[in-house]
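Heads up, the thing below is written out as structure tokens.
The values are calculated or read from the model by the stated rules, or taken from the named source; none is laboratory data. Owing to the predicted nature of the structure, the values given are computational and were not obtained by experimental measurement. Using ideal geometry, Cβ is built from the backbone for each residue, glycine included, and neighbour counts are taken over all protein chains shown. Remember, those area values only see protein heavy atoms, side chains included, never the ligands or the DNA or RNA. Shrake-Rupley method; radii C 1.70, N 1.55, O 1.52, S 1.80 Å.
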Amino acid sequence: MKRYDILVIGGGIFGITAAIELAQRCYKVGLVNPDSIPHHLAASTDVTKAVRMEYGSDQEYFRMAEICIDRWHEWNALFREVIYHEVGFLMLCQQPMESAPHTYEKASLENLVAHGYAPDRLDIGDLKARFPAINTDTFVQANYNPKAGYVASGRAVERLADYARTIGVVIHEGQTAAEFVVRNGVLQEVKTKEGSTFSCGHALVAAGAHTPYLLPELQPYMKTTGHPVFWLRPKDPTNYTPPRLSVFTADISNTGWYGFPFLPKQGIVKVAKHSNGIRLHPDQDDRRINDAEIAELRTFLANSFPELQDAPLVYTRRCLYTDTLDGHFWIDNHPEIKGLSVSTGGSGHGMKMGPILGEMAADVVEGKEHEFSARHRWRHLEEATVQLEEARHVVNRKI
Ligand SMILES: Cc1cc2nc3c(=O)[nH]c(=O)nc-3n(C[C@H](O)[C@H](O)[C@H](O)COP(=O)(O)OP(=O)(O)OC[C@H]3O[C@@H](n4cnc5c(N)ncnc54)[C@H](O)[C@@H]3O)c2cc1C
């Protein structure tokens, strides 16, 4: 039987960063994950995830993202590879930014300026000149912030897992945690579906969308929701290639739509929706995208990026959020089981925070307070709880 000081369950961004931080704090760390890391169905496994400080009026996420952007640069240097691409962030508005519907954009701009940044305010003329693919009959104003971009998330997890191995983390691929052995309220062991038993002083559950199924006591507070992702192949990528396009939000708090510039390696432009999504079970439900969603995409493209409206759709995916009712993460010790902690609840915006998630989880395991841990603690959330992440288009603010 293998024994670890700390066993991390799940090798997505929440788990792998925690494993690295705990190993750097000199614990003997093991990590289990089904199949391989990055897992093909993991939320962290993708070609791009947006990295932005633009969180509306939210000061804490702004500060967390600001710290993380600097640290993504450090990881680029550590890995001698550009996994974080600082191509900038464009917030498109269908009306003047001061108008009521654009509270997210307006508050994000005010936050940037209040923290000493000088993003570009763009009107129709500027948009035509700098971002020619955008339909200025639809979008009349925008805000461009160069300190932002996207992370090649699957590649980031792959490099972080390799790095974790070099500092002593023992990664057990092909192992699926299934049972916690608890005696007198204290965790002793973790048993896997594959028949292995891991003895550990402490376990950290970072199993993404599977977390509320491994720990059903979390089900009242978080849901698994599926969100569409589309890959389009432009006839001519010129107008979709930075600096002619960056990461963009298309009046996101009212539409949910956002996207990324052309990716030469895959030859595509990725577009996705940050909205309610559909509730589903991570293992039992069909994740395929339906025709109505594709029709909605085509309508969005016709209004926003006319050149792309008939572009071939080369890949679609429904990716899963571990959606807490309020949209904050869930990083804390189990209230009843000693030696068991949880780090999850990315709620569609956790990847960018990778560089800070590890220390938040490690502090929790060590029973310490972290500068940003307060609102991510184990909490009682009523069914009526509203979503607080200001960029997200959520009907009635409820998932
Ligand atoms: C469509 C979509 C778009 C997104 N866009 C952005 C974005 O632009 N910017 C951003 O910051 N964030 C974004 N996110 C959110 C971000 O991707 C997630 O918050 C983050 O990746 C969650 O990481 P995780 O480690 O919790 O989960 P995952 O990455 O899903 O990892 C969980 C891991 O646990 C493993 N596991 C599951 N069950 C078990 C078990 N029983 N035993 C052992 N291991 C197990 C899985 O195999 C997996 O490897 C997006 C998410 C989605 C779905």
Hey, residue 320 in a loop (DSSP other than H, G, I, E, B), touching a Ser or Thr at 6+ places or on another chain (Cβ under 9 Å) and either more than 16 Å from the ligand (Cβ to nearest atom) or at pLDDT 95 or above (or both) or not
no
Being in a loop (DSSP other than H, G, I, E, B) and open to solvent by 40 Å² or more (accessible area, probe 1.4 Å) narrows 163, 117 down to just 117
Does residue 171 meet the test of being within 16 Å of the ligand (Cβ to nearest atom) and either open to solvent by 40 Å² or more (accessible area, probe 1.4 Å) or in contact with a strand residue (DSSP E or B) (Cβ under 6 Å, 6 or more places away or on another chain) (or both)?
yes
Do we find a residue being within 10 Å of the ligand (Cβ to nearest atom) and part of a helix (DSSP H, G or I) anywhere in segment 188-208?
yes
At pLDDT 95 or above, part of a loop (DSSP other than H, G, I, E, B) and more than 6 Å from the ligand (Cβ to nearest atom): is that true of residue 60 in this structure?
no
Per-region count, segment 328-357, residues open to solvent by less than 10 Å² (accessible area, probe 1.4 Å), more than 11 Å from the ligand (Cβ to nearest atom) and closer than 22 Å to residue 53 by Cβ:
1
Just to verify a result, which residue in segment 1-28, among those that are at pLDDT 95 or above and touching a Phe, Trp or Tyr at 6+ places or on another chain (Cβ under 6 Å), is nearest to the ligand (Cβ to nearest atom)?
7
Given the options 92, 122, name the one that is within 25 Å of residue 229 (Cα to Cα), over 20 Å from the mean Cα position of the chain (by Cα) and either within 16 Å of the ligand (Cβ to nearest atom) or outside the structural domain of residue 10 (by TED's automatic domain parsing) (or both).
92
If you go through segment 264-284 one residue at a time, do you hit one that is touching a Gly at 6+ places or on another chain (Cβ under 8 Å) and part of a helix (DSSP H, G or I)?
no
